[in-house]
């Protein structure tokens, strides 16, 4: 964080009279022979997509490997349907989204095929897929599909999207090479852009939870935290090395960051 | 006159044989030698780009194996015997992945990987 940003937060804190939310570096979980891209936490475990080894890795919250699940072709930013404990795995190489439940794998049926699906999100019967080379989002709702975004740099356009997240009937997209987050409603109407003035250098991963929007800044080696309106609240840098994805646990206020750069998981805690 | 009649077909056969042997030898050398290609690509850094490039290059007919060196921006391709793609095919695949290809070099063997200190 530079001097201007510290000054800004100090003035903001004094001005509002609020006690600042503090995000504290908690610990690092080193990963051996694992190349993490996507990360998600369920109740008791962490799931990591190990892209170079074409598998999913299930870890305990302290980092012990519980299970290795092969057979995924370049798995990327994964999602979890918490209601039925089902994982959704975008396969970058196979142009498919795989559904992983109770050790069994099936394939999500799509009318519009993505060209390298990079991220997926699920919410109330909706499934959103970030179509990396298609520069669009495929939003599936039961049998219907709509396409959101098109290749470009204008408001509402997308340029190599890598991840998606739902929050309260809004769809947040990590618009990687436009260096921002694009937000749409579930009909595909563009609502707002977040982070385009904050010097993000490839927005690879997104998580929206507990009224926060978390964004990984891959080359900036940062995680930026916004409120739902898009106001920058915090910048995390300690220990962050080419982050690709993150997962927030509301229960114990822990933020897990997939550190692609040094093959580790970082844990931050909200105080 | 009789001698000349026998000599001419003999010379023709010898010539055809030499020409076909030479072209066979050239073809043989060509196929034997060109098995690898290295592409220098600028701007490749994030894993989504690297694996995207890998996917597009792998779609080329005859590609057996690919190694992406993100740090040095080099994609190395190994081809099946006699199935070496031409420069344009490789360049098009690189462009499909969103990059501009720089140099494309064909070789018999891949050089040792450069590692930065």
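The values are calculated or read from the model by the stated rules, or taken from the named source; none is laboratory data. It should be emphasised that the depicted structure is a prediction, and the values quoted were computed from it without experimental measurement. So basically every Cβ, Gly included, is an ideal-geometry build from the backbone, and we count neighbours across all protein chains shown.
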Within segment B:33-76, restricting to residues that are surrounded by fewer than 15 Cβ atoms within 10 Å (Cβ to Cβ) and part of a strand (DSSP E or B), the one that is nearest to the other protein chains (Cβ to nearest Cβ) is B:67
For segment A:129-155 the number of residues that are over 19 Å from residue A:74 (Cβ atoms), under 17 Å from the mean Cα position of the chain (by Cα) and in contact (Cβ under 8 Å) with a residue 40 or more places away in the chain is 2
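Residues are listed down the side, and each one gets a yes or a no for (1) away from every other protein chain (no Cβ under 14 Å); (2) touching a strand residue (DSSP E or B) at 6+ places or on another chain (Cβ under 8 Å); (3) at pLDDT 95 or above:
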{"site": "A:65", "(1), (2), (3)": "yes, yes, yes"}
{"site": "A:87", "(1), (2), (3)": "yes, yes, yes"}
{"site": "A:95", "(1), (2), (3)": "no, yes, yes"}
{"site": "A:102", "(1), (2), (3)": "yes, no, no"}
If we ask which residues in segment B:87-104 are exposed (fewer than 12 other Cβ atoms within 10 Å of the Cβ) and outside any helix (DSSP H, G or I), their number turns out to be 2
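Restricting attention to segment B:51-66, which residues are touching a residue at least 40 places away in the same chain (Cβ under 8 Å) and under 15 Å from the mean Cα position of the chain (by Cα)?
Of everything in segment B:51-66, just one residue is touching a residue at least 40 places away in the same chain (Cβ under 8 Å) and under 15 Å from the mean Cα position of the chain (by Cα), namely B:57.
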Would it be correct to say that residue A:220 is more than 19 Å from residue A:173 (Cα to Cα) and without any contact (Cβ under 8 Å) to a residue 60 or more places away in the chain? no
Among the residues of segment A:241-252, the number that are free of Cβ contacts under 8 Å to residues at least 40 places away in the same chain and more than 17 Å from residue A:60 (Cα to Cα) is 3
* To do: Answer with yes or no whether residue A:112 is surrounded by fewer than 18 Cβ atoms within 10 Å (Cβ to Cβ) and at pLDDT 95 or above.
  => yes
Those residues of segment A:67-76 which are more than 13 Å from chain B (Cβ to nearest Cβ) and either in contact with a helix residue (DSSP H, G or I) (Cβ under 6 Å, 6 or more places away or on another chain) or free of Cβ contacts under 8 Å to residues at least 12 places away in the same chain (or both) amount to A:67
Qualifying residue in segment A:214-222 (condition: more than 27 Å from residue A:185 (Cα to Cα), out of contact with any strand residue (DSSP E or B) (no Cβ under 7 Å at 6 or more places or on another chain), within 14 Å of chain B (Cβ to nearest Cβ) and surrounded by 20 or more Cβ atoms within 10 Å (Cβ to Cβ))
yes
Checked segment A:196-210 for anything modelled with pLDDT of 95 or more and more than 14 Å from chain B (Cβ to nearest Cβ); matches are A:196, A:197, A:198, A:199, A:207, A:208, A:209
